[in-house]
Amino acid sequence: MSLVEFRQWVKYRNRRGSLNVGMRVERGVALLATLYANAHTKDGGYKIYDFMPHDAEKAVTLEQAMESWA
């Protein structure tokens, strides 16, 4: 694989996510579960990561944290 092709794949993964079919299916199902749970509960507030046991929410950067405090 050439360096150019590798960079194209990295760009694709950054934009579209994992190439793992199982993770893609899990994300799709989690999205549907999130929509359903938020629509049918009083409080709502569920995130997609609440329904994805094999993925975790990305850590907040210092800049994002400082922005949320303001």
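A few remarks follow.
- Which listed residue, of E26, E57, is in contact with a His (Cβ under 7 Å, 6 or more places away or on another chain) and of a type in the set (D, E, K, R): E26
- Among the residues of the range 53-70, the ones that are within 30 Å of V25 (Cβ to Cβ) and not in a helix (DSSP H, G or I) come to 9 in all.
- Taking the range 1-60 as the range and being exposed (fewer than 10 other Cβ atoms within 10 Å of the Cβ) and among the charged types (D, E, K, R) as the test, the residues that pass are E5, R15, R16, K42, D43, K58.
- When the range 3-52 is filtered for residues that are part of a loop (DSSP other than H, G, I, E, B), in contact (Cβ under 8 Å) with a residue 12 or more places away in the chain and of a type outside the set (D, E, K, R), the ones remaining, listed by number, are Y46, M52.
Rule-based calculations on the coordinates, nothing more; no lab input. None of the values given here were measured: they were computed from a predicted structure. Virtual Cβ from ideal backbone geometry, glycine too; neighbours counted across all protein chains shown.
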